[in-house]
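Notes follow once the structure below has been shown.
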Amino acid sequence: IERLGRRRAMEGVRVLVTAGATVERIDPVRYLTNDSSGKMGFAVAEAARDLGAKVTLVAGRADVAPPGGVELVRVESAQQMYDAVLSRFAEADIVVKAAAVADYRPAQTAARKLKKTEATLSLELERTPDILKALGERKAPGQVLVGFAAETNDLAKHAMGKAARKQADFIAGNDVSKPNVGFGHDTNAVSVYTAEGLVEDLPLQSKRAVADRLLAIAYDAYKARAE
Ligand code: CTP
Ligand code: CA
């Protein structure tokens, strides 16, 4: 951990980060998305870059500009993010999945703008692929996988459950019912869990500071395996 204080402590480490919201098209001018601003994932990418890592950033819709000095892959839908991430996974040492991926998408995307007809309209939605779970199933022993979980209740239970179900090494859980935590804010407070229990509480601080600490935890685990 101390060593991460040094510049370029992660030199040569390949970090894959996802950030932002996915966009699921209903028709050419309408879509489903969520409140993710992209700030948390961008902070992770920027922090890893500053530590000398080789960073690939797969970004969906975001409210702010992505950091420079990283390989940027822009995607729209959960399916595009899945394809972009899975095809790059083998070349990554550490993966941080901060993106807010839509759980459902329209079962059909209309090629033309929908016209209003009836008084009500039902949209049929279908599940999107779970990217983090797919990575967990394909993970090599040396790779470290970090996910996020935004919850309003039972944070520890949900975060530990997600770590187990998705075979993620760490889940950074945040309680978004608290002020200044999560979506859209420049600050965050997260608790880092493995499937077995709490690793560390990161109290309310800038997303960049959360990112630095989260990377230190992931990098420690990565180094421990390499030894
Ligand atoms: N995630 C993913 N692909 C999805 C859904 C989620 O990769 N289709 C990832 C997120 O990027 C995050 C983690 O899984 O790192 C947890 O996301 P979350 O939405 O909290 O978990 P879900 O499994 O979708 O459960 P739920 O929304 O029902 O709480
Ligand atoms: Ca979800």
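Throughout, read-outs are computed from the coordinates displayed, never taken from laboratory work. The shown structure was predicted, so the numbers you read here are calculated from the model rather than taken from an experiment. Note that each Cβ is placed from the backbone with ideal geometry, even for glycine, and that neighbours are counted across all protein chains shown.
Using the Karplus curve 6.51 cos²θ - 1.76 cosθ + 1.60 with θ = phi - 60°, what ³J(HN,Hα) values do you get for each residue of region 221-227, in whole Hz, with x for Gly and Pro?
With the stated coefficients, region 221-227 comes to 5, 4, 5, 4, 6, 6, 7 Hz.
Over region 74-155, what number does the Rg to Rh ratio reach, with both radii from the alpha-carbon atoms and Rh per Kirkwood?
Ratio of gyration radius to Kirkwood radius: 1.10.
Taking only DSSP H segments of four or more residues, each worth -39500 (n - 2.57), what value at 222 nm results for the chain once the sum is divided by all its residues, to the nearest 500 deg cm²/dmol?
One gets -8500 deg cm²/dmol as the mean residue ellipticity at 222 nm.
In whole Hz and in residue order, list the ³J(HN,Hα) couplings for region 116-122 that follow from phi through the Karplus curve 6.51 cos²θ - 1.76 cosθ + 1.60, θ = phi - 60°; x for Gly and Pro.
Computed from phi, the couplings for region 116-122 are 6, 9, 6, 6, 10, 9, 9 Hz.
Any chance you could tell me what percent of the C-alpha pair distances in the chain go past 28 Å?
So the pairs more than 28 Å apart make up 28 percent of the total in the chain.
What nm distance separates the two modelled labels at TYR104 and GLU126, each placed 7 Å from Cα along Cα→Cβ?
1.4 nm
Per the Debye formula with a single identical scatterer at each Cα and no solvent contribution, what log10 I(q)/I(0) holds for region 119-227 at q = 0.09, 0.19, 0.21 Å⁻¹?
For region 119-227, the Cα-only Debye profile gives -0.27, -0.99, -1.13.
Looking at the chain as a GNM with Cα springs under 10 Å, which of ALA90, ALA78, ALA21 has the largest mean-square fluctuation?
ALA90
Cβ under 14 Å from GLU71's Cβ, GLU71 left aside: what net charge do those residues give with Lys, Arg +1 and Asp, Glu -1?
Here the count lands on +3.
Determine ³J(HN,Hα), in whole Hz, for all residues of region 183-188 in sequence, where each value follows from phi through the Karplus function 6.51 cos²θ - 1.76 cosθ + 1.60 and θ = phi - 60°; x replaces Gly and Pro.
2, x, 7, 8, 10, 7
Could you check what % of the DSSP bridge pairs in region 137-215 are antiparallel, to the nearest 5?
60 percent
Let me have the relative contact order for the chain, percent, based on Cα pairs under 8 Å that are six or more residues apart.
RCO, the chain: 19 percent.
Nearest 5 is fine: what % of DSSP beta bridges in region 40-198 come out antiparallel, could you say?
Antiparallel bridges: around 35 percent, rounded to the nearest 5.
Region 90-115 to region 132-155: how many Å between their Cα centroids?
So the two Cα centres are separated by 17 Å.
Would you please give the residues with an amide H less than 5 Å from that of VAL58, counting only those at least 5 places away or on a separate chain, with H modeled from the backbone geometry?
Correct list: VAL17, THR18, ALA19, VAL73.
Apply the Kirkwood formula to region 6-119: the hydrodynamic radius equals the inverse of the mean of 1/r over all pairs of different alpha-carbon atoms; give it in Å with one decimal.
Evaluated on region 6-119, it is 15.0 Å.
Distance check, please: which entries in LYS97/LYS139; LYS139/LYS223; LYS133/LYS178; LYS157/LYS223; LYS178/LYS207; LYS54/LYS178 exceed 25 angstrom between their Cα atoms?
LYS133/LYS178; LYS157/LYS223; LYS54/LYS178
For the chain, the longest stretch holding no trypsin sites (Lys or Arg not before Pro) located in a DSSP loop with at most 11 other Cβ atoms within 10 Å is which?
The segment 117-227 is the longest one with no such site.
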